[in-house]
Amino acid sequence: MKILAASLAVFFPLGAFAGDGEQSRTRAAASFNNAVFKVPARSDAVPEIKKSGPVKKKFSGNAHNFDLPTTRNYDAKRKEYPRVQLESLDGKVVLLDFWASWCGPCRRKLPTVEGWHSTYKGKGLAVFLVNTWDTWEDFTSFRNVRPLEAPVLFDGPDGTVKAKYGAGGVPMMVLIDHQGNTLKVGSVSEADIKAALSRSRADAGRRR
């Protein structure tokens, strides 16, 4: 018990839970985040990612188009990361998982979404973990502690793309069909993904 108490003291200092006010809860959460996730970012991390202006829509679906940077394979010569546009994914079912490093439910959902990526990436599904409402430093600090196993897009502290899809909190998922139509916003299940992929295959069969 003494060892357990000492371990907990590292993450939640004495008095962190004293009182019932919002200020106490905020201090406790900050203590946990600082202890677990705020490790130094890698020395080669780039703190600024260029954002493009409005994106013109070039497909018939009703989903909001986007142009977001990835978070790997930095091009030192061009000083930017490769970017992904929704229109470039035409013909694929797309799952966007909007999440933030400080969000507990988001972190708990990550393994499920990564599992969907692993299972369906060769079957017509494109999964993206869209980091939103985080600074670049906070995101890279989290990634250094918890490597991510699905492609990541960076929506930045303002959450511009997330705001286009919904004004609620995180986690928030968006499922888009192979024609660029938004199927679901909020919670998405594996059954929803399977149904979307089935419709995509059926349409492909009719076009042959």
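The values are calculated or read from the model by the stated rules, or taken from the named source; none is laboratory data. Please read all numbers here as calculations on a predicted model, not as lab measurements. With ideal geometry, Cβ positions are generated from the backbone for all residues, glycine too; neighbour counts draw on all protein chains shown. For the accessible areas, the whole protein counts, side chains as well, though only heavy atoms, and no ligand, DNA or RNA atoms are used. Shrake-Rupley method; radii C 1.70, N 1.55, O 1.52, S 1.80 Å.
So, in the stretch 110-133, how many residues would count as being within 18 Å of Y74 (Cβ to Cβ) and either surrounded by fewer than 18 Cβ atoms within 10 Å (Cβ to Cβ) or more than 10 Å from the chain's Cα centre (by Cα) (or both)?
Count: 0.
For every residue, the table says whether it meets (1) open to solvent by 70 Å² or more (accessible area, probe 1.4 Å); (2) assigned to a loop (DSSP other than H, G, I, E, B); (3) out of contact with any strand residue (DSSP E or B) (no Cβ under 6 Å at 6 or more places or on another chain); (4) modelled with pLDDT of 60 or more.
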site	(1), (2), (3), (4)
A45	no, yes, yes, no
V55	no, yes, no, no
S88	yes, no, yes, yes
L96	no, no, no, yes
R108	yes, no, yes, yes
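All but one of (1) over 24 Å from G61 (Cβ atoms); (2) open to solvent by 50 Å² or more (accessible area, probe 1.4 Å); (3) touching a residue at least 12 places away in the same chain (Cβ under 8 Å) hold for C103; which doesn't?
Every listed condition holds for C103 apart from (2).
Take the residues in the stretch 74-86 that are open to solvent by 40 Å² or more (accessible area, probe 1.4 Å) and out of contact with any Ser or Thr (no Cβ under 8 Å at 6 or more places or on another chain); name whichever of them is modelled with the highest pLDDT. Walk me through it before giving the result.
If we filter the stretch 74-86 for residues that are open to solvent by 40 Å² or more (accessible area, probe 1.4 Å), which is where we start, we get 74-80, 82-83, 85.
In the following step, the residues that additionally are out of contact with any Ser or Thr (no Cβ under 8 Å at 6 or more places or on another chain) were identified as 74-80, 85.
Working: Y74: 82, D75: 81, A76: 82, K77: 82, R78: 80, K79: 80, E80: 84, Q85: 93.
Within the stretch 74-86, the match that is modelled with the highest pLDDT is Q85.
Looking only at the stretch 187-202, which residues are open to solvent by 30 Å² or more (accessible area, probe 1.4 Å) and more than 16 Å from W116 (Cα to Cα)?
Taking the stretch 187-202 and keeping what is open to solvent by 30 Å² or more (accessible area, probe 1.4 Å), we get 187, 189-192, 194-195, 198-199, 201-202.
Answer for the stretch 187-202, where residues must be open to solvent by 30 Å² or more (accessible area, probe 1.4 Å) and more than 16 Å from W116 (Cα to Cα): R199, R201, A202.
Which members of the stretch 146-170 meet the condition of being touching a Lys or Arg at 6+ places or on another chain (Cβ under 9 Å), open to solvent by 50 Å² or more (accessible area, probe 1.4 Å) and either under 12 Å from L96 (Cβ atoms) or not charged (D, E, K, R) (or both)?
Residues satisfying the conditions are P151, T160.
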